[in-house]
Every structure is written in C-alpha cells, then in structure tokens.
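Chemist: Here it is, the structure, as structure tokens.
The values are calculated or read from the model by the stated rules, or taken from the named source; none is laboratory data. Note that this is a predicted model, so its numbers are computed, not measured. Cβ atoms come from the backbone with ideal geometry, glycine included; neighbour counts cover every protein chain shown.
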Amino acid sequence: MTYSQTDLIAIRHFLHRNPELSSKEQKTAEYIISHLKKLSVQQLLTGLGGHGVAAVFDSGRSGMTLCFRAELDALPIQETSALAHVSSVPGVAHLCGHDGHATTLLGLADWLNDNPEFWTGKVIILFQPAEETAQGAKAVIREHRFLELKPDYIFALHNLPGFEQGTVIIKAGTFTSSTCGIKIKLRGRTSHAAHPKEALNPKQALFELSNRLEALASTLFEDKVGALVTIIHLRLGEIAFGTTPGEAELMATFRAYAAKDLELLKTEATKLICQIASSHGLVHECTWVDEFAAVTNELTATQMLTTAAKAQGLKVIEPAHPFLWSEDFSSFGEISKIALLGLGAALDHPQLHHSDYDFPDELIQIGIKLFAELIRQASSETTSP
C-alpha cells in the first residue's frame, strides 16, 4: 500500500491549499502526476484537453475498460474558513470538492496497484481540467489519445451537502440539469452627474430586466421546479461621482431539467431583452456562455453503481427530481455509457461554492471502496462462465 488514510488526507489538504482556476491547473496536474509515477501505471497520458491526466492500469487479462473521472480545477471565490489547510491563493479556492474527488481517485489508483488479483481488463483514472467552465470534458473527448482507450463505462462521483454523510444519491436518466449563462450589456449615453437629463441612463432597464428574467421560469412553467433563472451579477456605470451612468451589465444563469425547456427559456429571454432595451432606447449585446448539457445516467451503469453501493452497506437514495446544478461530465455520454452519483457530505454541511465549504475527508475511503467494489464486480461478471 502506497498511501495510508493519513497520506490521502495530506494530499487532499495540499491540493486545497494550492488551488488553480479552470484551464490553469498546471501545478495541480504535475502534483497528481508525481504521485501516479509511484505506481505501476502501464500508460500515462498528460496534457489531455489542457492539463488533463489519464493513468491506464492494464491487468493483462481480457475484460471491460472502465474509466473513473475526477476534476482538477478550483473556483474564483475567496475562502473564509479558519482551517489549517485554507487556500493560500487569494480569491481562489476548492469550494466544490474537486480536491477530494481527485484524492479519492489517487486512492483508487493505489488500490488497483496493490490488488491486481481482484480485477481484469483495463481501468482508466482520469483527472479532468476545466469542469467549472464546461470546457474540460469537451476538450478531453476531442483528444484521439483518450478516444483510443475506448472506455466501455465512465463513472464519477460528486459530494453533496444536505444528505446524510456517506449516503449514495443516484438515479437513471436525467441526473443534473442543462444550464447556460448569459452576459447582457446595455448601452445608453453618459453625462455629467449635474445634468442627468442629458444622459440615457440604463438604470430602469437594468432593474426591469433583472426582475422580469428572474420571473421568466415561473411564467413559462407551471411547476416552477424544473427550470430556474438566477441573476448572478449586476453593474451600473462606473465608480465616478461626477458621472450619470450610460452603460450597464447583467449576468444570469439559466437552468432546466430538459434541454427543450432550456431552449425555450433562452428564446423567450432573448425576446424580453430586445423588448426592454428597445423600449428604453438602448443598444444591447448578448453573449451566451458556460453551456452544460444535462447529465443523463445510463441504466446499466447506474445499476452497476447501485449494486456496488449496496454491497458496501451504503444507503442508496433515488431523488424524486434531477438536481438543478450542472456538471460537464455530461459530455462523456457522447462516447461511452456514463453514470454520476452523489455522495452525501452531511445534512448540515456548508453548500457547494459556499465560502466556508470544505470537502469531508471521511468521504475519501467511502469513495475508494465503492469504486473498488464496482471494479471487482465488473471483473467477476466478465470472468464468470
């Protein structure tokens, strides 16, 4: 055994102290690579889709090719915790748990290295960049080096605050929402603050647009559950006391369980923006960004995870509805059968992206044992007469 639980926690804390933003995860990748090189990796692919890393373990026996994926990137949020391993990078922190997911896969790689008799086929341990910007998975599956590995199944986990620690949350079909962001610029005309009537101030349009967009989902969909618009940023003018504003900016996130509902939201939002900007005599510009497709869990892959979880004595929860958060893991569904599960962080744990969030170290071993059980069972099915 290369890594004890103490070692894995130390790795996780190191990653937490040294976060890197999406597409800038060079040092994080180098750190992961340094640990993988301690193991008997048959093939090590680097620079996947940017700074992605894939370690291929080959049993030398026939069997399926299973892939397990974790993320490398952190968030542009200032951490506020008093932890000893608090982020050392101002304004950047692992507040989604990617440090814990990556550590879990390092532990799984260690298990593969130490237990060759328990598995067959090939196992790919994938560390993906740029999940938070929806660019990483798309970039990885554009890499011929990765596609040539031809994974039969790709699995991933994501910790979930609000659920009992160690519970497994999973369902077949739509698991997370399709989402996208929009940047809206409104342009009027500035003037001196002493002569506001000479300006074309976008203030009223900004406030009207903000309120109308937030109400759009409930206007279009009766249940108000499967769709949501969240205003995430407003800016009016500049910090200049002598100036009446002439420009404004609004940013929002659109979410929907179904892709067709997201498209309807986008279509109606575009109409609304044009209408409001025109009524106030403003020029407008819209840019759609960060587009995530819904994660759709394949039935057999979901059953494999569920069976492994129950074999480990873990409580399995099937949510009544998909989650409104998004994951770019969805892109892997274009090339393989996929399943994403939630791993309960604790009922009262700070939510993902909260400034005081920290991944629970107790989940590391739970995740390793769950994925190891899945590998064992898949290998058993492959070799059984």
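Residues are listed down the side, and each one gets a yes or a no for (1) among the hydrophobic types (A, V, I, L, M, F, W, C); (2) crowded, with 17+ Cβ neighbours inside 10 Å; (3) in contact with a Pro (Cβ under 8 Å, 6 or more places away or on another chain); (4) on the phi < 0 side of the Ramachandran plot:
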position	(1), (2), (3), (4)
G60	no, no, no, no
G63	no, yes, no, no
L72	yes, yes, yes, yes
A82	yes, no, no, yes
V86	yes, no, no, yes
A93	yes, yes, yes, yes
C96	yes, yes, no, yes
D99	no, yes, yes, yes
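Chemist: Something else now. Within segment 232-255, track down each residue that is in contact (Cβ under 8 Å) with a residue 24 or more places away in the chain, assigned to a strand (DSSP E or B) and not β-branched (V, I, T).
Modeler: L234, L236, E247, A248, E249, L250, M251, A252, F254, R255
Chemist: Name the residues in segment 99-128 that are of a type in the set (D, E, K, R) and within 22 Å of the chain's Cα centre (by Cα), would you?
Modeler: Answer for segment 99-128, where residues must be of a type in the set (D, E, K, R) and within 22 Å of the chain's Cα centre (by Cα): just D99.
Chemist: Of the residues A293, A308, which is in contact with a strand residue (DSSP E or B) (Cβ under 6 Å, 6 or more places away or on another chain) and surrounded by 14 or more Cβ atoms within 10 Å (Cβ to Cβ)? Explain how you work it out, then say what you get.
Modeler: On the way: A308 fails: in contact with a strand residue (DSSP E or B) (Cβ under 6 Å, 6 or more places away or on another chain).
When all the criteria are applied, what remains is A293.
Chemist: Does segment 172-203 hold any residues that are of a type in the set (A, V, I, L, M, F, W, C), part of a strand (DSSP E or B) and over 20 Å from the mean Cα position of the chain (by Cα), and which are they?
Modeler: Those that are of a type in the set (A, V, I, L, M, F, W, C), part of a strand (DSSP E or B) and over 20 Å from the mean Cα position of the chain (by Cα): I184, L186, L200.
Chemist: Same structure again: Could you tell me which of the residues H51, H13 is within 17 Å of the chain's Cα centre (by Cα) and either surrounded by fewer than 17 Cβ atoms within 10 Å (Cβ to Cβ) or in the same structural domain as G121 (by TED's automatic domain parsing) (or both)?
Modeler: Every option except H51 fails the conditions.
Chemist: Tell me, please, whether a residue that is outside any helix (DSSP H, G or I) and either touching a Lys or Arg at 6+ places or on another chain (Cβ under 8 Å) or aliphatic (A, V, I, L, M) (or both) can be found in segment 214-223.
Modeler: Checked against the condition, which is being outside any helix (DSSP H, G or I) and either touching a Lys or Arg at 6+ places or on another chain (Cβ under 8 Å) or aliphatic (A, V, I, L, M) (or both), segment 214-223 yields at least one hit.
Chemist: Can you tell which of L216, L209 is without any contact (Cβ under 8 Å) to a residue 60 or more places away in the chain and under 30 Å from the mean Cα position of the chain (by Cα)?
Modeler: Exactly one of L216, L209 is without any contact (Cβ under 8 Å) to a residue 60 or more places away in the chain and under 30 Å from the mean Cα position of the chain (by Cα), namely L216.
Chemist: Quick check on my filter: what residues within segment 327-370 are part of a loop (DSSP other than H, G, I, E, B), in contact with a Ser or Thr (Cβ under 7 Å, 6 or more places away or on another chain) and buried (at least 22 other Cβ atoms within 10 Å of the Cβ)?
Modeler: Within segment 327-370, E327, D358 meet the criteria.
Chemist: A follow-up question, please. Can you tell which of A29, A93, A70, A84 is modelled with pLDDT of 95 or more, of a type in the set (A, V, I, L, M) and touching a helix residue (DSSP H, G or I) at 6+ places or on another chain (Cβ under 7 Å)?
Modeler: Working: A29 fails: touching a helix residue (DSSP H, G or I) at 6+ places or on another chain (Cβ under 7 Å); A93 fails: touching a helix residue (DSSP H, G or I) at 6+ places or on another chain (Cβ under 7 Å); A84 fails: touching a helix residue (DSSP H, G or I) at 6+ places or on another chain (Cβ under 7 Å).
The unique qualifying residue is A70.
Chemist: Still on this structure, I have one more. Cβ-Cβ below 7 Å, separation at least six or inter-chain, first residue in segment 120-146 and touching a residue at least 24 places away in the same chain (Cβ under 8 Å), second polar (S, T, N, Q) and assigned to a helix (DSSP H, G or I): which pairs?
Modeler: T120/S379; T120/T382; T120/T383; G121/S379; G121/T382; A137/S331; K138/S331; I141/S331
Chemist: Which residue pairs have Cβ atoms closer than 7 Å, lie 6 or more positions apart in sequence or on different chains, and pair a first residue in segment 50-66 that is over 12 Å from A29 (Cα atoms) with a second residue that is in a loop (DSSP other than H, G, I, E, B) and among the acidic types (D, E)?
Modeler: From segment 50-66, the pairs are M64/D152; T65/D152; L66/D152.
Chemist: Within the set of pairs 6 or more residues apart or between chains, which connect a residue that is farther than 20 Å from E79 by Cα inside segment 1-27 to a residue that is among the aromatic types (F, W, Y) and assigned to a helix (DSSP H, G or I) with Cβ atoms less than 9 Å apart?
Modeler: M1/W111
Chemist: Any chance segment 275-288 includes a residue that's over 21 Å from T176 (Cα atoms), under 27 Å from the mean Cα position of the chain (by Cα) and at pLDDT 95 or above?
Modeler: Yes, because at least one residue in segment 275-288 is over 21 Å from T176 (Cα atoms), under 27 Å from the mean Cα position of the chain (by Cα) and at pLDDT 95 or above.
Chemist: Is it the case that A240 is buried (at least 20 other Cβ atoms within 10 Å of the Cβ) and of a type in the set (G, A, S)? If you could, list the steps in order and put the result at the bottom.
Modeler: On the way: buried (at least 20 other Cβ atoms within 10 Å of the Cβ): no; of a type in the set (G, A, S): yes.
Judged against the criteria, A240 is not a match.
Chemist: Name the residues in segment 133-170 that are farther than 20 Å from G49 by Cβ and acidic (D, E), would you?
Modeler: D152, E164
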